[in-house]
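Have a look at the structure below before the remarks.
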Amino acid sequence: GAAFTVAVNHLKSKGSACDDVGDPDLGDGAGNCNITRTMAAQALVDWLATDPTGSGDADVLIIGDLNSYDKEDPIDAILAGADDLAGTSDDYTDLAYAVLGEQSYSYVFDGQLGYLDYGLANASILSQVTGMTIWHINSDEPDILDYDTSFKQPAQAALYEPNAYRASDHDPVIIGLNLNSAPVCESALPSRANLWVPNHSYRLIRILGVTDPDGDSISIRIDGIWQDEAVDAHGSGHTAPDGRGVGTQTAKIRAERVGNGNGRVYTIYFTATDSQGNSCQGEVKVGVPRNFWSPAVDDGPLYDSTIDPDAVSSLLNSVAMQQTALVPTNEDWLA
């Protein structure tokens with residue numbers, strides 16, 4: 001199954017005494033031990049970059065009470081990753097800020113809201129995060145309700161109930177993950193790359209070569225069929241529509257091309273979806289060469305193969321006739 005590494009941390013608190021290591025409160029709002037926390041954060045990302053669990057999987061989450069608000073040095077150190085440079089591939093993302101925004105909070109101190117509790121995702125796992133929230137079962141509740149009955153009168157202690165509320169002074173962070181990988185469409189190919197002879201008949205084309213890293217079953221849906229010759233081309237290319245099967249698993253395309261052209265190339269667009277609901281999109285090309293010796297030249301997906309120009313023209317003429325019938329004559333105005 002899928003694997004990822006979780007590093008759970010509780011960095012030195014803002015109220016701890018760090019004067020003896022030269023890390024006092026500098027009065028900048030970060031509290032005591034800011035340097036200590038920053039060095040711990042740097043050591044953490046350096047260590048995680050070595051794959052300490054030996055999983056061989058690059059997916060990493062850092063969670064826990066980091067005792068630092070989101071713009072403080074320890075958080076910046078983690079966000080920059082092991083290379084200490086922001087904007088590079090080893091950066092981490094603060095999920096609370098990315099999903100919930102600047103007003104996120106998980107803790108209340110002297111009536112001020114902020115968050116000290118984090119979910120930090122590296123680039124490898126970020127695309128697999130399905131959501132994140134902070135469950136406000138603690139910070140919104142008065143501490144008179146909590147489990148800590150120290151210094152409380154019996155009447156106050158009696159308010160405690162063994163439920164989720166005020167089970168801590170911090171709110172828990174909840175992160176959703178989908179570790180199932182999407183199918184891979186890059187190696188897709190058609191069941192037939194060339195159609196010969198050009199006898200105007202439909203040929204069935206299946207999409208092959210789509211793989212799934214997790215071994216999940218895959219279903220294919222045809223999204224569109226386009227071609228590089230006009231659907232209503234004259235001569236040997238004048239049979240329409242030239243493509244069918246949109247919305248199904250198999251495309252049907254017509255084995256024909258303009259006789260004096262450079263061959264026809266169909267582009268078939270598809271979506272591959274695995275049994276977990278993950279998907280990828282891709283395309284394959286099928287050629288109808290001008291002759292047996294010369295491959296078709298791809299001039300680009302210019303025309304929708306599923307359109308029948310004659311049917312469209314007939315429909316437009318019918319609409320035009322109906323509109324004409326609705327226009328009042330002079331006699332209608334005088335009546």
Inspect the range 112-134 for any residue being touching a residue at least 60 places away in the same chain (Cβ under 8 Å), within 18 Å of residue 7 (Cβ to Cβ), not hydroxyl-bearing (Ser, Thr, Tyr) and not in a strand (DSSP E or B) and give the result as yes or no.
yes
Members of the range 20-46 that are in contact (Cβ under 8 Å) with a residue 12 or more places away in the chain and assigned to a helix (DSSP H, G or I):
21, 34, 35, 36, 37, 38, 40, 41, 42, 44, 45, 46
Within the range 169-192, can you find the residues that are surrounded by 13 or more Cβ atoms within 10 Å (Cβ to Cβ), farther than 30 Å from residue 136 by Cα and at pLDDT 95 or above?
183, 184, 185, 188, 189, 190, 191, 192
Residue list for the range 108-165, restricted to those being within 30 Å of residue 82 (Cα to Cα) and among the acidic types (Asp, Glu):
117
Residues of the range 26-72 being among the hydrophobic types (A, V, I, L, M, F, W, C), touching a helix residue (DSSP H, G or I) at 6+ places or on another chain (Cβ under 8 Å) and on the phi > 0 side of the Ramachandran plot, which ones?
none
Answer with yes or no whether residue 172 is assigned by TED's automatic domain parsing to the domain that holds residue 125, of a type outside the set (Phe, Trp, Tyr) and touching a strand residue (DSSP E or B) at 6+ places or on another chain (Cβ under 8 Å).
yes
Confirm whether residue 168 is assigned to a loop (DSSP other than H, G, I, E, B) and touching a residue at least 24 places away in the same chain (Cβ under 8 Å).
yes
Just to be sure, is residue 87 within 24 Å of the chain's Cα centre (by Cα) and either in the same structural domain as residue 139 (by TED's automatic domain parsing) or not polar (S, T, N, Q) (or both)?
yes
Answer yes or no: is there a residue in the range 236-259 that is crowded, with 21+ Cβ neighbours inside 10 Å, touching a Pro at 6+ places or on another chain (Cβ under 7 Å), touching a residue at least 12 places away in the same chain (Cβ under 8 Å) and closer than 16 Å to residue 301 by Cβ.
yes
Here are 165, 115, 107: which of them is of a type in the set (Phe, Trp, Tyr), surrounded by 13 or more Cβ atoms within 10 Å (Cβ to Cβ) and touching a Gly at 6+ places or on another chain (Cβ under 7 Å)?
107
Output the residues belonging to the range 145-178 that are more than 23 Å from residue 67 (Cα to Cα) and touching a helix residue (DSSP H, G or I) at 6+ places or on another chain (Cβ under 8 Å).
149, 152, 156, 159, 160, 161, 177
Neighbours by Cβ (under 6 Å, 6+ apart or cross-chain): first from the range 136-155, in the same structural domain as residue 115 (by TED's automatic domain parsing); second small (Gly, Ala, Ser) and modelled with pLDDT under 90
149/157
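The values are calculated or read from the model by the stated rules, or taken from the named source; none is laboratory data. What you are looking at is a predicted structure, and each value in this text was computed from that prediction instead of being measured. Methodologically, a virtual Cβ is constructed for each residue, glycine included, from the backbone with ideal geometry; neighbour enumeration extends over all protein chains shown.
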